Amino acid sequence: MSEVTLGSFPLGPVGAGAAGEPLCIFGTGDLGRSLGQRLLQTGYRVVYGSRRPDSCGPVPQGAQVRLIHTDAASAANLVFLCVHRDHYDFLQNVAPYLKGKVLVDLSNNLKKNIYPESNAEFLQRLVPGAAVVKGLNTLSAWALQNGQLQGKQTFICGDSAEAKQAVSEVCTRLGLLVLDRGGVGASRELEDFPLQLFPMWRLPLSIALGLSAAFFLYLLIRDVIYGYVEDGKDISFRIMIALPNKVFPIVSLVMLSLCYLPGVIAAFIQLYRGTKYRRFPDWLDCWMLCRKQIGLLALGFALIHVLYLFILPIRYSARHKFISQVVDENKTTPFYFDKTTAWGTDSLMGLGVLGFFLYVLLGISSLPSVGATLSWREFNFIQSKLGHLTLFICTAHCYIYGWNKLLRPSTYKWYTPPGYMLCLMVPSVVLVLKVILLLPCVNRTLTRIRQGWERAPPRGHPEQLKATNF
């Protein structure tokens, strides 16, 4: 491999592997040791520089630990700095030995805007002779130890293109996808990435909380306030268990349907446009990116619903009905004598158990450690086909719950439908649209579009005129 040059200083064959010059790591904490282990497994030689080499803990087997930082810096042209900003003082003495070398800053801060400048900018001013590159700071020690790096994105920035190229070669060999963010001035943005609090969860959490609050208030009016106003009954005790046990499955089913609704919308947009090469609207892109989080929240609400069922007497209403009938008519009719009620109750429970099992399967397969062991076809089968089957079973579970209440006037308190009827609207629409997409004539066209075929726009269409003029 040819040498990379920074100014007049040769950086050396940093990607040459075990036979080339070693890579230096300042810092023997969890991050430094994990990074060194991954570099050794990739074929690099590693030299550590530590403030306290005698008490730095076990370094990866095969790595060297130098007593003095200057010795470690002299042994390599590329140095990884895995040290907090509070401990940068030693770099003033090491600065002459870092002249013309690449210094990769992996540090992060505990809070945003606690310093007037980013760590990388401060480091560039502290060691002006080195080419500072900010990068790898979004990787955790756990991800490095467990090898969860293949295809994972990492950002770098720096003022030297040659230095960034040297760092990119190392990152690529580690299996990372490198994205260049520009000069060192972008390092503050990179340092703020790890400090973001659930950025992909904000929209799903807002949807979940909004649905929960809306349905809770709606059912509170129907089930509690209605009974107090119309019948003079104080049943406010239902607020603690009975009412939430209605809200959680409703929100869970709506959230599950919201996982698959954007995919259906995207398919119809592609069919309408006749191409897959045009971007979706921004709102749809944002929606599709957070489907995993929406699904996990749906699983969480379903789990809470299952836990509540262990508290509630599941068959209380049915048992009470038949016990009262037995007492009134002095009969010993068993519960299963009414075949319709027995079928309805058992189907309700059976579909609920099966739906929750598939729910859990979808959640487990979405974990990175599990998804990495699946092929694309296996993952697509679970998340798409079994996902729609889960939606169908859970929707059927909800339909069976209220099948015999639809035509009862007492069901519509204050002329309002029950909550489960409202929640069936979204999943029913998703399932109907999915069935349309599965029709052979529609599915054949959609498959061709997703394989790269494009439908020519009609003559006189603005796009056709644009192509002609071009």
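At a glance:
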| item | result |
| --- | --- |
| Hits in the stretch 82-130 - residues which are within 32 Å of the chain's Cα centre (by Cα) and of a type in the set (S, T, N, Q) | SER107, ASN108, ASN109, ASN113, SER118, ASN119 |
| Complete set of residues in the stretch 83-119 that are among the charged types (D, E, K, R) and not in a loop (DSSP other than H, G, I, E, B) | ARG85, ASP86, ASP89, ASP105 |
| Residues satisfying the stated conditions in the stretch 343-402, i.e. closer than 23 Å to LEU438 by Cβ and of a type in the set (D, E, K, R) | ARG377, GLU378, LYS385 |
| Hits in the stretch 75-92 (condition: within 18 Å of GLY36 (Cβ to Cβ) and either in contact with a strand residue (DSSP E or B) (Cβ under 9 Å, 6 or more places away or on another chain) or outside the structural domain of VAL167 (by TED's automatic domain parsing) (or both)) | ALA75, ALA76, ASN77, LEU78, VAL79, PHE80, LEU81, CYS82, VAL83 |
| Among residues of the stretch 451-470, those that are exposed (fewer than 12 other Cβ atoms within 10 Å of the Cβ) and either modelled with pLDDT of 95 or more or not small (Gly, Ala, Ser) (or both), counted | 9 |
| Condition met for LEU348 (surrounded by fewer than 14 Cβ atoms within 10 Å (Cβ to Cβ), free of Cβ contacts under 8 Å to residues at least 60 places away in the same chain and under 28 Å from LEU217 (Cβ atoms)) | no |
| Residues of the stretch 349-404 satisfying the condition of being over 22 Å from the mean Cα position of the chain (by Cα) and among the hydroxyl-bearing types (Ser, Thr, Tyr) | THR395, TYR399, TYR401 |
| Any hit, the stretch 138-154, residues being under 17 Å from LEU91 (Cβ atoms) and out of contact with any Gly (no Cβ under 7 Å at 6 or more places or on another chain) | no |
| Residues (in a loop (DSSP other than H, G, I, E, B) and either surrounded by fewer than 15 Cβ atoms within 10 Å (Cβ to Cβ) or at pLDDT below 80 (or both)) located in the stretch 30-72 | GLY43, SER50, ARG51, ARG52, CYS56, GLY57, PRO58, VAL59, GLN61, GLY62, LEU67, ILE68 |
| Flag for SER206 being at pLDDT 90 or above, surrounded by 15 or more Cβ atoms within 10 Å (Cβ to Cβ) and either within 17 Å of TYR308 (Cα to Cα) or among the hydroxyl-bearing types (Ser, Thr, Tyr) (or both) | no |
| Any hit, the stretch 166-173, residues being part of a loop (DSSP other than H, G, I, E, B) and outside the structural domain of CYS286 (by TED's automatic domain parsing) | no |
| Qualifying residues in the stretch 247-284 (those that are among the β-branched types (Val, Ile, Thr) and in a helix (DSSP H, G or I)) - the one farthest from HIS388 (Cα to Cα) | VAL247 |
| Residue identified as farther than 24 Å from GLU21 by Cβ, part of a strand (DSSP E or B) and either β-branched (Val, Ile, Thr) or modelled with pLDDT of 90 or more (or both) among PHE80, PHE122, PHE155 | PHE155 |
| The stretch 378-407 residues that are over 27 Å from TRP343 (Cβ atoms), paired with ones that are surrounded by fewer than 19 Cβ atoms within 10 Å (Cβ to Cβ) and of a type in the set (A, V, I, L, M) (beta carbon under 7 Å, 6 or more apart) | ILE382/LEU361 |
| Options CYS398, CYS441; residue that is modelled with pLDDT of 90 or more, farther than 30 Å from THR345 by Cα and hydrophobic (A, V, I, L, M, F, W, C) | CYS441 |
| Failed condition for LYS385, given (1) at pLDDT 85 or above; (2) under 18 Å from LYS246 (Cα atoms); (3) among the charged types (D, E, K, R) | (2) |
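The values are calculated or read from the model by the stated rules, or taken from the named source; none is laboratory data. Here the structure is a predicted model, which is why all the values come from computation and not from measurement. Don't worry about glycine lacking a Cβ; one is built from the backbone with ideal geometry, like all the others, and counts go over all protein chains shown.
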